[in-house]
Each structure stands twice: as C-alpha cells, then as structure tokens.
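Notes to accompany the following structure.
The values are calculated or read from the model by the stated rules, or taken from the named source; none is laboratory data. Since this is a predicted model, take the numbers as computed values, not measurements. Neighbour counts run over all protein chains shown; Cβ positions are idealised from the backbone, glycine included.
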There are 2 protein chains.
Amino acid sequence: MTDARLSLVFSALADPTRRDIVARLAAGDATVNELAEPYDVTVQAVSKHIKVLEDAGLVSRSRDAQRRPCHLEAEVFDLMTKWIERYRREAEDRFRRLDALLEQMDEQPATDTPTKEAS
Amino acid sequence: MTDARLSLVFSALADPTRRDIVARLAAGDATVNELAEPYDVTVQAVSKHIKVLEDAGLVSRSRDAQRRPCHLEAEVFDLMTKWIERYRREAEDRFRRLDALLEQMDEQPATDTPTKEAS
DNA sequence: TCCATGTTCAACCGGTTGGTTAAATACCCT
DNA sequence: AGGGTATTTAACCAACCGGTTGAACATGGA
C-alpha cells in the first residue's frame, strides 16, 4: 500500500524542476504564478509539475481568491527517510559483519569454510 | 553537478522492482540471475534495471567467472538523506515560526501588520 | 575445441512524460 | 454584466521507459 505512494514520491522528486519547487516551498508557501516565474517554461507546465507533487502528497493547496497557494507537506519526507535509512542500516550492518569476518580469517586462516550454498 | 546525480538516484528508486532489488541487495550481494528469479519478467529486463541502478551509483559490480555479482553502494543514500533532511528541517522550522507567530497574535491581536509585500 | 551458463546488446512496441498552444474555468472588481 | 487575473483542461508532439524477442558476447569445464 505504501509502495505505490513511495513510487509517486520518488518519481515526483526525480525531476530537477520539481525538486527546485520543493526547495522553494520549504522557504514558504507560494502561488503557481510565483513558482513559475523563474523557469523558462509556460505556467501550464509548472501547473502540471505541481499536480505531480500534489498527487505524491508532497504539496497541498488552499484557495485565496483566484490564487491556489501551494504548501509543502513535510511529513511525506518521513516516509522516504524511513525507507532509505532501513536499507542503509542493513547494508552497514552487513559491512560490519564482513569486517569482523575478515579479521577472524586473519587470525585463523584457510580452514576452507564453504561460503555459499544456494538452494 | 550533484543535481543530475540526484535525478538519476530518485528516478532509479521510483520503480518498485528496482526498490525491491535494492532491498534484497541490502541483505547481501547477488548475481543478475539470482536477482531476476523471483520476478516474472525476463532476465534481460532485470539486467536493464540493474544498469539503471548502476548508472545512479546505487549498485556496483565485480566479476566472478560468467557471473556479475551486484553490490549495494550504501553511501549514495547519504546524498538523498541530506537532500531530504535539509528541506524537511526548513519546513519544520517554518512551521515552528508560524506557531510562535500565532501565539504572539493571540496575545496582542489585530495591529493590522502588513503581511505580504512582493517585489 | 565445443558446449553450457550467465549476461548484455539491438531492435522493436505501447504507454507515460514533459513540453507546447489554445480554450475553458474560477474568482475579483467596477 | 463585463473585464482582468490566476489557474486548469484538452489536444497534440517528441522523447523516454519498461517490457519483449532474438542474437551476440564472455567465461569456465568436459
């Protein structure tokens, strides 16, 4: 269930323009036009980008007359961080174990221990 | 310079199969065939996925006879974590400031402070 | 040397994506 | 009601993506 969400989030952030939009929203809410101003693409293109961010749950929007101010939803970052940290930790643990193994092999070398045994 | 790299990493992880491959590599190195086994796509498709992960710097490969064992490069996660944490922190700080502002407004209300002044 | 195994390359296909322009919608103001 | 501003929708296009099949390449073993 979270998996599809994670795909949306990662693919939303895969685009540099969208990452820049997120970066700017981190400094404060902004409207579509304000967000579009620095880029040399049409405002429609930026509107699409924002929709992608919104669908990923990274951005929410309210209404202020004609304007639709965009707001960064920071909680989503937790989802990513959790995913990342989990596998980083696993990989690091594995690295530590390998390190320990190498040390051990250094002490009592070449007992011809079978290392792999695939089903 | 890091920006293009970040795009590669995020878009690599936007695919659920590739995320699963990363998850499995976190538990230990594996060959292309081993990695391909659980999925119902061809080994060529998995080979492509691995290439994407490799281009993003998430995976490195050595050689063992015909086999090309894949190894998870955990350092790349730091790049992501740094990017994510930075903006999450900014957004949280902003949230805290807003909170403080609201409290302050509660104490001495309606001084008609101009809030916005663009350009 | 020949063959089996593991992996990649090439060409192709349908769906998605990021962009465009043009038109529609939503809201405020007079 | 009518006009101006902000934004979205629709239709289209070229490029990219994830998948396929079929052929090629790389390596170790009989």
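Pairing each residue of segment B:22-47 that is free of Cβ contacts under 8 Å to residues at least 12 places away in the same chain with any residue that is more than 16 Å from DNA strand D (Cβ to nearest atom) and assigned to a helix (DSSP H, G or I), provided the two are 6+ apart or on different chains, yields C-beta distances under 8 Å for B:A23/A:Y87; B:A27/A:E90; B:A27/A:R94; B:G28/A:R94.
Within segment A:61-89, the set of residues being away from every other protein chain (no Cβ under 12 Å) and assigned to a strand (DSSP E or B) comprises A:R61, A:C70.
Screening A:D40 on (1) surrounded by 15 or more Cβ atoms within 10 Å (Cβ to Cβ); (2) away from DNA strand D (no atom under 11 Å from the Cβ) shows it passes everything except condition (1).
Residue count for segment B:1-27 satisfying the condition of being surrounded by 14 or more Cβ atoms within 10 Å (Cβ to Cβ) and more than 21 Å from A:S7 (Cβ to Cβ): 0. Residue pairs whose Cβ atoms lie under 6 Å apart, separated by 6 or more positions or on different chains, with the first residue in segment B:1-18 and within 7 Å of chain A (Cβ to nearest Cβ) and the second surrounded by fewer than 16 Cβ atoms within 10 Å (Cβ to Cβ) and not hydrophobic (A, V, I, L, M, F, W, C), are B:D3/A:P16; B:S7/A:P16; B:P16/A:D3. Before we move on, is B:A100 in contact with a strand residue (DSSP E or B) (Cβ under 8 Å, 6 or more places away or on another chain) and either modelled with pLDDT under 95 or part of a helix (DSSP H, G or I) (or both)? Here the answer is no, as B:A100 does not meet what is asked.
Give me the residue from segment B:68-92 that is of a type outside the set (D, E) and farther than 18 Å from A:E85 by Cα and, out of that set, surrounded by the fewest Cβ atoms within 10 Å (Cβ to Cβ).
Start the filter on segment B:68-92 by keeping residues that are of a type outside the set (D, E), which leaves B:68-72, B:74, B:76-77, B:79-84, B:86-89, B:91.
Retained after the next criterion (residues that are farther than 18 Å from A:E85 by Cα): B:68-70, B:91.
Values: B:R68: 15, B:P69: 17, B:C70: 24, B:A91: 21.
The qualifying residue surrounded by the fewest Cβ atoms within 10 Å (Cβ to Cβ) is B:R68.
Screening B:A65, B:A45 for residues that are near DNA strand D (Cβ under 9 Å from one of its atoms), modelled with pLDDT under 95, more than 18 Å from A:R89 (Cβ to Cβ) and exposed (fewer than 15 other Cβ atoms within 10 Å of the Cβ) leaves exactly one candidate, B:A65. So in segment B:19-38, with the set limited to residues that are within 9 Å of another protein chain (Cβ to nearest Cβ) and touching a Leu at 6+ places or on another chain (Cβ under 7 Å), which one is nearest to DNA strand C (Cβ to nearest atom)? Here the answer is B:L25.
Return the only residue of A:A74, A:A56, A:A65, A:A45 being on the phi > 0 side of the Ramachandran plot and small (G, A, S). I'd like the intermediate steps shown before the answer.
Working: A:A74 fails: on the phi > 0 side of the Ramachandran plot; A:A56 fails: on the phi > 0 side of the Ramachandran plot; A:A45 fails: on the phi > 0 side of the Ramachandran plot.
Of A:A74, A:A56, A:A65, A:A45, the one residue that is on the phi > 0 side of the Ramachandran plot and small (G, A, S) is A:A65.
Just the residues that are touching a Phe, Trp or Tyr at 6+ places or on another chain (Cβ under 7 Å) and part of a helix (DSSP H, G or I), please, taken from segment A:1-55. A:L6, A:F10, A:L13, A:T17, A:V22, A:A23, A:A26, A:V46 - these are the residues of segment A:1-55 that are touching a Phe, Trp or Tyr at 6+ places or on another chain (Cβ under 7 Å) and part of a helix (DSSP H, G or I).
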